[in-house]
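Engineer: Can you read through this structure? Questions will come right after.
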Amino acid sequence: MLTFITGKKVHVTAAKILTLLQSSNAGIPDPNLEVIMYSYLLEELSKAIGARLLVSFEYENKTHIVEPHLLGQDKQHESCLVAWLTYKDGQKDQGWHCFQLSKMKHAKITEERFCNKRPGYDPYDNTMSRIYYRI
């Protein structure tokens, strides 16, 4: 949810923000665009973790559906999402994975919820140098 100066609240997708920003600059790349999109992605993934909503995205040319548990920075200072994988390219798949945000494309928060923390979840994950948000 974004609030504009007028006080009007609207729900927009990252793609819509990208389109608006690109069109407002007459095709000239905005150096702040990546920062804005990154901030939006962090905010949306944090909301998904808090609400326990499944997240769908492309990663290394494969579609993933995950249960997000933790958002943070790994030891190499890459922002990443620690999540339980449920589906990969339409096939049922399970297990813990750390997904780098810089490699994620077309992230979507679904309306489907998950209930429980998965076995082996460590809210103090020692592979992370910094934790932004967690279940």
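Throughout, read-outs are computed from the coordinates displayed, never taken from laboratory work. Because the structure is predicted, anything quoted here is derived from the model rather than measured. In this analysis, Cβ positions are derived from the backbone assuming ideal geometry, glycine residues included, and neighbour counts consider all displayed protein chains.
Engineer: Assuming R0 = 35 Å, can you tell me the calculated FRET efficiency for the pair ASN61 and ASP122, based on Cβ-Cβ distance, to the nearest 0.05? Kindly include the intermediate steps, with their values, before the conclusion.
Structural biologist: Numbers: r = 29 Å, r/R0 = 0.83.
E(calc), rounded to 0.05, equals 0.75.
Engineer: Another one. Please identify which residues in the stretch 110-135 have an amide N closer than 16 Å to a label point set 7 Å out from the Cα of ARG52, following the Cα→Cβ vector.
Structural biologist: Answer for the stretch 110-135: 110-123, 134-135.
Engineer: Ok, one more. Classify the stretch 51-131 as rounded, prolate or oblate, taking a ≥ b ≥ c as the square roots of the eigenvalues of its Cα gyration tensor: rounded when a/c is under 1.5, otherwise prolate if a/b is larger than b/c and oblate if not. Numbers along the way, then the final one.
Structural biologist: On the way: a/c = 1.73, a/b = 1.22, b/c = 1.41.
The shape class here is oblate.
Engineer: FRET efficiency for ARG113 and ILE36, Cβ-Cβ distance as r, R0 = 25 Å, nearest 0.05? Don't skip to the answer; put the middle values down first.
Structural biologist: Numbers: r = 28 Å, r/R0 = 1.13.
Efficiency, rounded to the nearest 0.05: 0.35.
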